[in-house]
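Nothing in this text is a laboratory measurement; each read-out follows from the coordinates by a stated rule. From a predicted model like this one, the values you see are computed outputs, not experimental measurements. Note that each Cβ is placed from the backbone with ideal geometry, even for glycine, and that neighbours are counted across all protein chains shown.
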Amino acid sequence: MSFQEQTHFIELYSREQKKIFLYILSMVHRRSDAEDIMQQTAAEMWRLFDRFEKGSNFAAWGIGIARYRILSYRKKQGRNRLFLSQEVYEQISEELGRAETRSSKRIQALEGCLKKLKESDRQMLSMHYENNLSYSKIAERLNLSKMGIYKVMARIHTSLRRCINQTLLLWETNG
């Protein structure tokens, strides 16, 4: 694997690791076992990264690999009463997939709605969420009152929430 591919893997893995781990934990229940399975999954993802289709869902790919690790873990554990039926685990897995899809759609809608904002509103959001500035610091930088910043941010959040909901509704009705 080239240095560039290694860097790309690390970026993707760092961003999606938590989702994969939470999936494993929801299926295994014991944190120590989930951590072991996560390590095995990460090693397998690294080994198979050349098979990952660029542009596809890295978290879903990792969860697919984790699913096989979990099945192997369950076989080793035998008939432990702590486990639910395979059907229940499949239902959990399906629901997690649907939640991931909903979350992904909300993020896409948010990205589109952010582009529709005025530049000054995007800058204010960036100051707060990317630069981690408090409302007080933003007020100082923009020479505005703290209450004024609260009102502007509330307006921006309301606007984004409406835009996201309208976008999702539009996508649902257009199929």
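If the Kirkwood radius is taken over C-alpha pairs of the range 120-169, then at 10 °C and 1.306 mPa s the Stokes-Einstein diffusion coefficient equals 140 µm²/s. Relative contact order of the chain: 18 percent, from C-alpha pairs under 8 Å at least 6 residues apart in sequence.
Cβ crowding within 10 Å, taken as a proxy for footprinting-reagent exposure, orders Glu130, Glu140 from fewest neighbours to most as Glu130, Glu140.
The ratio of the alpha-carbon radius of gyration of the chain to the globular-protein estimate 2.2 N^0.38 Å is 1.35. Using 0.36 nm per residue and subtracting the Cα-Cα separation, the extra length available between Glu130 and Ser159 on full extension is 8.5 nm. When Lys18, Lys105 are sorted by how many other C-beta atoms sit within 10 angstrom of their C-beta, beginning with the fewest, the order is Lys18, Lys105.
The local environment of Arg122, defined by Cβ-Cβ distances under 10 Å, has a net charge of +1 under the rule Lys, Arg +1 and Asp, Glu -1.
Once fully extended, how much extra length lies between Glu140 and Arg30, figured as 0.36 nm per residue of separation less the alpha-carbon to alpha-carbon distance?
Numbers: separation 110, 0.36 × 110 = 39.60 nm, distance 4.78 nm.
Extending this stretch completely gives an extra 34.8 nm.
Extension gain, Leu117-Tyr68: 0.36 nm per intervening residue step, less the Cα-Cα distance, totals 13.3 nm.
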